[in-house]
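Every number in this text was worked out from the coordinates using simple rules, so none of it is lab data. All figures in this text were calculated on a predicted structure; none of them were measured in a lab. Methodologically, a virtual Cβ is constructed for each residue, glycine included, from the backbone with ideal geometry; neighbour enumeration extends over all protein chains shown.
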Amino acid sequence: MIFGGLFLFAGLIKAQTPKVSPSAAKPLAKPVQAARTSPTRPKLVVVIVVDQMRADYVDKFRAHWTGGFRRLLEKGAWFREAAYPYAATETCVGHATISTGSVPASHGIVANAWWDRESQKMITCTADPKAANTGYAGAKTKDGDSAWRLRVPAFADELRFQGSAGTRVVTFSLKARSAIMLGGYKADGATWTDNGGLVTSNAFGTLPFLEEFAKARPIKQDYGKTWTLSLPNSDYLYGENAAGAVAPPGWDLTFPHPLRGKAAGADPDDAFYQQWTTSPYADTYLTKLAETAIDEMSLGKGKGIDFLGVSYSSPDYIGHAFGPRSWEIQDTYIKLDKDLAELLDHLDAKVGAGNYVVALSADHGVVPVPEDMQQTGADAGILRVPDVQQKIEDTLAKFNYPSPAVARIASADIYFSSGVYDKLKNDAAAVNAVLEAIRSVPGVADVYRAEELVDRPATRSPIRSAEAASYFPGRSGDLLIVPKPYWLITQSPSGKPRENGTGHGTPYYYDQHVPILLMGWGIQPGEYFASASPADIAPTLASLCGITLSTHDGRVLTEALVKKQHSPSQPSATNLR
Ligand SMILES: [Zn+2]
């Protein structure tokens with residue numbers, strides 16, 4: 001049952017009790033009975049991340065949702081105005097924020113990958129020289145990944161450490177960075193996919209049932225399937241082909257999309273795996289993995305509060321390729337709605353409705369495909385990173401700086417070669433010339449110096465505030481580029497076809513604005529319009545679980561929590577004096 005524990009959660013009872021006339025209701029009997037059997041805390045915390053889900057998808061697509069999304073909207077708390085308060089709207093960053101309740105300036109995850117000044121190379125947010133990855137069922141993998149670069153413990157870490165006993169932490173995603181950031185330092189299982197296999201790292205536990213799962217249901221079983229639309233064409237918004245979209249290899253921009261690789265041969269090739277990750281079949285696969293973990297580990301039935309994290313990555317790959325106005329995206333959410341229904345039904349059956357709490361959000365949104373946006377007449381386009389780099393080199397050559405002056409431009413962060421920025425700081429003429437040169441590149445709105453962002457200065461500029469919330473000394477760049485709204489930053493040089501139709505990673509609302517949906521134990525259903533942030537999820541879950549996070553930038557979403565109501569027969573604190 002869903003009624004709250006030893007306490008009577010008045011709001012929840014109000015929300016869950018079937019609508020009957022007062023005379024028809026059997027007074028008190030049911031709630032009191034339920035109160036004795038329900039847990040005093042949730043038995044299981046479920047965090048679901050949809051990679052690249054814009055908040056407006058809910059309003060645009062909900063008419064065709066009959067499953068999990070619909071249930072979360074109708075039975076849960078829906079925060080319409082949730083947004084990331086920072087600029088680095090990328091996957092690893094968003095997952096770290098959901099997981100810790102803090103922003104990059106605190107948790108230190110500034111991007112999916114950044115320039116490591118010490119080793120003078122690019123590193124990913126999870127790269128760990130001390131860790132070694134391992135594959136299930138003989139899957140080949142390389143390198144080593146862990147959460148060691150996370151500077152604030154994850155909610156899952158705190159839950160295990162502060163809980164009385166036996167918390168199990170299990171996460172799944174197609175992406176290492178998503179599974180790892182959700183599960184924290186020492187998940188019992190943090191599992192992702194690599195080139196068609198299931199993999200983890202020796203930083204985490206191994207789950208024997210995944211060996212069986214990987215053998216019994218390999219990803220290549222989806223080879224030869226075809227992604228077709230769920231509904232008649234007339235049910236889809238916008239046109240079938242967005243201008244500027246870039247289909248994965250072996251596909252074009254129109255349905256159906258066969259998962260048969262590039263050559264349509266007999267065996268899965270690299271193109272097949274790329275098609276698979278860019279299809280709803282991967283969402284269904286992750287759902288099955290999560291259900292198997294619930295069954296095999298009896299999640300929600302142990303001594304402690306268990307944690308299950310699932311990050312659905314395919315919407316991101318699909319959105320990058322086809323854009324937010326594509327039929328592919330709308331259909332992805334129709335199919336994900338069904339997967340979520342199945343997952344929630346499974347949780348009801350195995351853990352019990354009302355015994356678990358679920359939080360769903362996204363790691364970032366996405367900008368429309370620039371060519372598509374240009375049709376509105378808006379100033380939209382492509383900001384090319386190689387053009388920025390060339391402008392800086394040309395400028396500093398005039399001031400006799402050694403070439404190359406720039407070590408790397410990663411995301412919107414400019415990293416100078418060793419010693420160059422220290423010199424520039426004392427060379428006003430050169431630094432001003434560099435800033436002017438960067439601002440002259442098409443699509444650049446502004447550029448910040450690191451010194452303007454450190455320690456999160458008080459400012460009335462929303463952009464500077466967002467850039468500062470993203471800034472972490474030693475990891476962020478020396479200069480930070482701010483693109484103009486609706487301009488896509490790309491590493492592709494001009495004249496070359498770009499890898500993606502569109503992307504994300506800016507301080508604009510289309511990248512920051514994401515849904516937050518909470519449902520289950522302790523949650524007061526409703527539609528909430530107050531400002532919120534995905535950084536609020538971990539503090540809210542911590543409050544429900546009765547634990548304390550070391551630091552958080554988010555707040556407890558108190559308006560969506562069921563208020564404890566004391567029985568009138570109990571003496572109040574005042575009466576006791
Ligand atoms: Zn992405």
| query | Looking at Gly250, Gly196, Gly261, Gly189, which is the one that is of a type outside the set (A, V, I, L, M), under 26 Å from the mean Cα position of the chain (by Cα), surrounded by 17 or more Cβ atoms within 10 Å (Cβ to Cβ) and on the phi > 0 side of the Ramachandran plot? | reply | Gly196
| field | Candidate set: segment 364-421, residues that are acidic (Asp, Glu) and not in a loop (DSSP other than H, G, I, E, B); chosen: the one farthest from the chain's Cα centre (by Cα) | value | Asp394
| Pairs where the first residue, in segment 215-240, is more than 20 Å from Gly323 (Cβ to Cβ) and the second is among the hydrophobic types (A, V, I, L, M, F, W, C) and part of a helix (DSSP H, G or I), C-beta under 7 Å, 6+ apart | Lys215/Ala137; Ile219/Trp276; Asp222/Trp276; Tyr223/Phe272
| Inter-residue pairs, beta-carbon under 7 Å, first touching a residue at least 24 places away in the same chain (Cβ under 8 Å) and closer than 14 Å to His257 by Cα and in segment 316-332, second aromatic (Phe, Trp, Tyr) and away from the ligand (no atom under 15 Å from the Cβ), 6+ apart | Trp327/Tyr236; Trp327/Phe255
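Is there a residue being within 16 Å of the ligand (Cβ to nearest atom) and either more than 30 Å from Leu231 (Cα to Cα) or in contact with a helix residue (DSSP H, G or I) (Cβ under 9 Å, 6 or more places away or on another chain) (or both) anywhere in segment 287-310?
no
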| note | Apart from one, (1) in contact (Cβ under 8 Å) with a residue 12 or more places away in the chain; (2) away from the ligand (no atom under 16 Å from the Cβ); (3) hydroxyl-bearing (Ser, Thr, Tyr) all hold for Thr376; the odd one out is (1)
| said: It is to be established whether one or more residues within segment 352-363 are within 16 Å of the ligand (Cβ to nearest atom), of a type in the set (D, E, K, R), in a loop (DSSP other than H, G, I, E, B) and buried (at least 24 other Cβ atoms within 10 Å of the Cβ). | reply: yes
| Is segment 72-89 home to any residue that is away from the ligand (no atom under 14 Å from the Cβ), in contact (Cβ under 8 Å) with a residue 40 or more places away in the chain and among the polar types (S, T, N, Q)? | no
| said: With the structure loaded, tell me whether Ile463 is out of contact with any His (no Cβ under 9 Å at 6 or more places or on another chain) and crowded, with 20+ Cβ neighbours inside 10 Å or whether it fails that test. | reply: no
| What strands (runs of 3 or more DSSP E) completely inside segment 109-214 contain at least 1 residues that are of a type in the set (D, E, K, R)? | 113-116, 121-124, 189-194
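So that you can scan it fast, the table gives a plain yes or no per residue for (1) under 16 Å from the mean Cα position of the chain (by Cα); (2) within 27 Å of Tyr508 (Cα to Cα); (3) crowded, with 20+ Cβ neighbours inside 10 Å:
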site	(1), (2), (3)
Glu74	no, no, no
Glu81	no, yes, no
His95	yes, yes, yes
Gly101	yes, yes, yes
Trp115	no, yes, yes
| Residue count for segment 445-466, restricted to those that are under 25 Å from Gln120 (Cβ atoms) and touching a strand residue (DSSP E or B) at 6+ places or on another chain (Cβ under 8 Å) | 5
